[in-house]
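Remarks on the structure that follows.
The values are calculated or read from the model by the stated rules, or taken from the named source; none is laboratory data. Everything numeric here is computed off the predicted structure, so don't read it as measured data. Glycine also receives a Cβ, built like all others from the backbone with ideal geometry; neighbour counts cover every protein chain displayed.
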Amino acid sequence: MQYRDFGKTGIKVSAVGFGAWPIGGEAYGAVDGKEALRALAVAEELGCNLVDTASVYGVSQEILGEFLQGRRQKWILASKYSGQKDGLLATLQQQLSILKTDYIDFYQLHWVPLQHQRHLYDELYAVKKSGLVRFVGVSLKNSLDIKYVLNNTELDGFQMPMSLLDPAAFSESISLIQRKKPAVLVKSSLRQGFLTGKYNANSRFTDPCDQRSKMSEQAIQKILRQVEAFRFLENDREPMTLSAARYLLSFPEISSVLMGCKSRQQANMNFAQVLERVLSNAELAKIKKQQQKLNLFPNIFLRLARNIKAHLRG
């Protein structure tokens, strides 16, 4: 396992982190709790020391609460406040109880607050000062959010979606990230599992516990067409998953790439095989060429307009 600086916090995190949404049972189908515990144990054995969860991730917190007993000091635990009506502090206290711990290492807002919600930043700073959390951040969506957070808050870092199919927000923000040096967690690294390469135009998602069952057929087919442009990254020995993760790891500004898994086999792939090699300059150049062909780096002014509209919608 490789370890990277978690922004300017002084701690090191594994380059690949454990994304706990899938083990919650409400994102990618039902979960075997015992197998989820075994997957976490494999991740730990392979050097993973970062896990990210949230109270809206099904039973993931309960599973983690059981797993972390006797090994809490080995892990950097990240979680989120997702807007529960009880408020941030009460929600945090409930999470601490479920997770069976007295602190969370990295506590995030699950969205960038709108103007009338900016008091939530002060609430984050307060729970950090109290010692209930060590570092604070936010989960965001686009380059406008990144710019606002890095220029107007005292947060320690943020979490953002990024993948082979979603390079633009990071690309547009990289110079600011390099200058400010925040902790950066990447989520949706496999674009809802589509970048595993396992799916094609005939794939169907019928499990109501699979978030993809709620996507329109048009949206699914668009993603699958984009995925086809990156088939050159897979072969008989290596699925697309590995190169999709290695692409993200090629950016040193990223602190950790979150990857979800529900089994020991997936854990071995995510926390061992991914790190067996790095992508060559030729592979990275071909990836960028394909991204440009797919217009994944759209006109900056068009993206800015879209970002502003998304920000206003919250």
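A few remarks follow.
- Within the range 82-101, not a single residue is in contact with a His (Cβ under 9 Å, 6 or more places away or on another chain), closer than 21 Å to L150 by Cα and not hydroxyl-bearing (S, T, Y).
- Among the numbered conditions (1) modelled with pLDDT of 95 or more; (2) among the charged types (D, E, K, R); (3) more than 21 Å from the chain's Cα centre (by Cα), the only one that E253 does not meet is (3).
- Residue that is surrounded by the most Cβ atoms within 10 Å (Cβ to Cβ), among those in the range 187-244 that are charged (D, E, K, R) and at pLDDT below 85: R212
- Filtered by the rule that a residue be buried (at least 20 other Cβ atoms within 10 Å of the Cβ) and within 22 Å of V31 (Cβ to Cβ), the range 251-297 gives V257, L258, M259, G260, C261, K262, A267, N270, F271, V274.
Conditions tested, residue by residue: (1) surrounded by fewer than 15 Cβ atoms within 10 Å (Cβ to Cβ); (2) at pLDDT 95 or above.
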{"position": "V13", "(1), (2)": "no, yes"}
{"position": "P22", "(1), (2)": "no, no"}
{"position": "E45", "(1), (2)": "yes, yes"}
{"position": "Y57", "(1), (2)": "no, no"}
{"position": "F67", "(1), (2)": "no, yes"}
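- Selection of the range 258-281 for residues being closer than 10 Å to A39 by Cα and among the charged types (D, E, K, R) yields K262, R264.
- Those helices (runs of 4 or more DSSP H) lying entirely in the range 143-256 with at least 2 residues among the small types (G, A, S): 168-180, 240-249
- Filter result for G17 (modelled with pLDDT of 95 or more, closer than 20 Å to N268 by Cα and in a loop (DSSP other than H, G, I, E, B)): no
- Of all the numbered requirements in (1) crowded, with 18+ Cβ neighbours inside 10 Å; (2) free of Cβ contacts under 8 Å to residues at least 60 places away in the same chain; (3) within 23 Å of N295 (Cβ to Cβ), L248 misses one, and that requirement is (2).
- For the range 256-274, a residue qualifies if it is in contact (Cβ under 8 Å) with a residue 24 or more places away in the chain and either of a type in the set (S, T, Y) or more than 14 Å from F18 (Cβ to Cβ) (or both), and the qualifying residues are S256, S263, Q273.
- Within the range 82-127, the residues that satisfy the criterion of being of a type in the set (A, V, I, L, M, F, W, C), closer than 22 Å to G7 by Cβ, assigned to a helix (DSSP H, G or I) and out of contact with any Phe, Trp or Tyr (no Cβ under 6 Å at 6 or more places or on another chain) are L92, L120, L124, A126, V127.
- Near pairs, Cβ below 7 angstrom, 6+ apart or cross-chain, from the range 34-54 (without any contact (Cβ under 8 Å) to a residue 24 or more places away in the chain) to any residue that is among the acidic types (D, E): none
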